[in-house]
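What follows is a short report on a single structure.
Read-outs throughout are calculated quantities, based only on the coordinates presented, and are distinct from any laboratory measurement. These numbers were taken from a predicted model, which means no experiment stands behind them. Here the Cβ positions follow ideal geometry from the backbone for every residue, glycine too, while neighbour counts run over all protein chains shown.
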Amino acid sequence: MTERGTFEERVGRALDDLYPGALFLARGDEAHAERILTATLERASRGSHARPPGTDWGGWFEALLAGEALRFGEPAGEAAAGGAPLPAAAQAIPVRARVALWLVVFRRWGYREAGELMGESREGVVDLLAFRHTLMTALMGEDPQGSGTDGVAHS
Amino acid sequence: MVSHTPDDRTRPGVNEACTRARAELWPPERIRLAEPEILEARVHVDSCPVCADYLRQDAALLEAYAQLREVRTPFAVRERVFDVLARERAGMDLATRPPSSAEHSGEPRRRGVWFPVGVGVAAGIALLVALLGRSEPTATPLGPAEASAAMVEDYLRRAVGTEQVETSDPREIQRFLAREIGVPMAGLIHPDLIPIRAEVCMLDGTRGALIQYDRDGEVVSHYVIPAEQVGPREPEVAQSMEDGRPDAMGPNVVTWSRPGVQEALVSDLPVAELLELLRTDR
């Protein structure tokens with residue numbers, strides 16, 4: 001996907017896509033979500049001039065956001081009560097699993113690309129994605145048996 | 001984005017057939033030809049509760065994320081993000097801008113040489129100087145760096161702003177201004193001015209509004225900036241910031257104020273026509 005416009009216009013269009021992702025990655029901590037989002041776009045601003053023609057800006061922003069989520073790690077504080085159910089459920093899984101799930105399950109990144117971004121092998125990504133069932137359980141209160149994706153301890 | 005299939009072959013209840021079927025069918029939203037391996041995978045999923053549950057779970061998580069995507073970036077967050085970007089960009093501009101010969105020679109700087117935003121910035125800089133100079137008579141004129149940072153901020157906000165209304169209805173503009181900046185006015189009322197839009201702007205940290213009108217094909221920009229300490233003042237032609245010379249490049253600016261509100265018209269129209277528009281309105 002190529003987009004036209006200034007960097008700021010691209011950011012303006014992408015912001016509402018990135019913010020929910022930041023909320024999920026920050027497990028619902030709004031201050032933390034804003035921190036990683038801001039850091040992402042600062043980094044993007046510094047690197048935008050070097051992007052080649054035809055850049056998938058949305059994908060690049062997502063990569064940077066995932067990178068910042070990993071760099072910042074877990075939020076220091078507790079997530080606020082209430083809010084959207086998915087970020088609240090994400091409190092049940094560690095940050096690396098949140099990043100893997102966000103990239104692959106929600107943003108439909110490939111395993112290989114996600115693994116390269118995260119410094120994980122394909123098997124490592126597979127292991128992290130097994131947290132999907134923990135997430136689902138926290139989200140829906142599902143029976144943890146059945147989809148064949150449980151069995152990975154929460155670390 | 002190249003997609004790979006979730007592979008849970010090491011998980012309890014998942015066998016080789018499950019792995020192959022998921023490899024063929026994930027992500028399920030992708031359109032596929034009904035080739036033999038796809039049909040075989042579908043047959044497997046139809047008969048495998050583990051895989052069927054896996055795909056249901058995938059759909060449920062996507063649905064949950066779709067609901068989360070309805071969360072819009074709060075305006076305050078958006079403002080703070082773009083404040084940071086504005087500072088970042090202004091700093092970069094100043095750090096990377098090569099010294100121009102005009103600066104060394106003392107000649108007026110041509111607009112757009114190092115800040116490629118165009119006429120809007122020139123208008124805004126002139127307006128900033130006009131309004132700030134008026135509200136703080138002892139203040140020194142803004143230097144290029146300060147004007148750049150302030151106008152980058154305003155440009156970014158308008159480039160990405162979500163708070164705007166496109167309308168020719170003065171009543172709608174009145175509601176917008178009342179809601180967004182607490183100034184219940186309908187803009188300029190003049191038979192030759194057709195409102196186009198109104199939007200939030202930010203000048204030197206103050207939230208205001210920009211109303212744009214069409215006047216026989218020319219755009220006339222009308223800034224409305226709340227300012228508590230300001231009293232009434234008759235319209236005056238503002239000098240451009242370019243060395244204070246009225247003949248310098250840039251749009252024409254007329255400023256005036258009413259209690260609590262500073263206003264300005266910025267346009268390429270002749271000053272006499274801008275003043276005439278105000279005489280009729282006022």
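List of remarks:
- If you take all other residues with their beta carbon under 10 Å from the beta carbon of B:T167, and give Lys and Arg +1 and Asp and Glu -1, the sum is 0.
- Stretched out straight at 0.36 nm per residue, the stretch from B:L62 to B:S47 would grow longer than its current Cα-Cα span by 3.1 nm.
- Loop-located trypsin sites (Lys or Arg not before Pro) in region A:1-110 (DSSP state other than H, G, I, E, B) with a sparse environment of at most 12 neighbouring Cβ atoms within 10 Å: A:R4.
- FRET efficiency, 1/(1 + (r/R0)^6) with R0 41 Å, evaluated for B:F75 and B:R279 via beta carbons: 0.65
- A simple spin-label model places the labels of B:A23 and B:R258 7.3 nm from each other, with each point 7 Å out along Cα-to-Cβ.
- If R0 equals 30 Å, the separation of the Cβ atoms of B:N15 and A:W60 corresponds to a calculated FRET efficiency of about 0.20.
- When the GluC sites (Glu not before Pro) in region A:19-103 are filtered for DSSP coil states and for at most 14 other beta-carbon atoms within 10 Å of their beta-carbon, the remaining sites are A:E78.
- Rounded, prolate or oblate (a/c below 1.5 giving rounded, otherwise prolate when a/b exceeds b/c) for region A:13-70 by Cα gyration tensor: prolate
- With a simple spin-label model that places each label point 7 Å from the Cα along the Cα-to-Cβ direction, the separation between B:D192 and A:H49 comes to 4.4 nm.
- Calculated FRET efficiency for the pair B:E35/B:A178, C-beta based, R₀ 41 Å, to 0.05: 0.10
- Approximate spin-label separation B:V84-A:F72, in nm, with each point projected 7 Å along Cα-to-Cβ: 0.7
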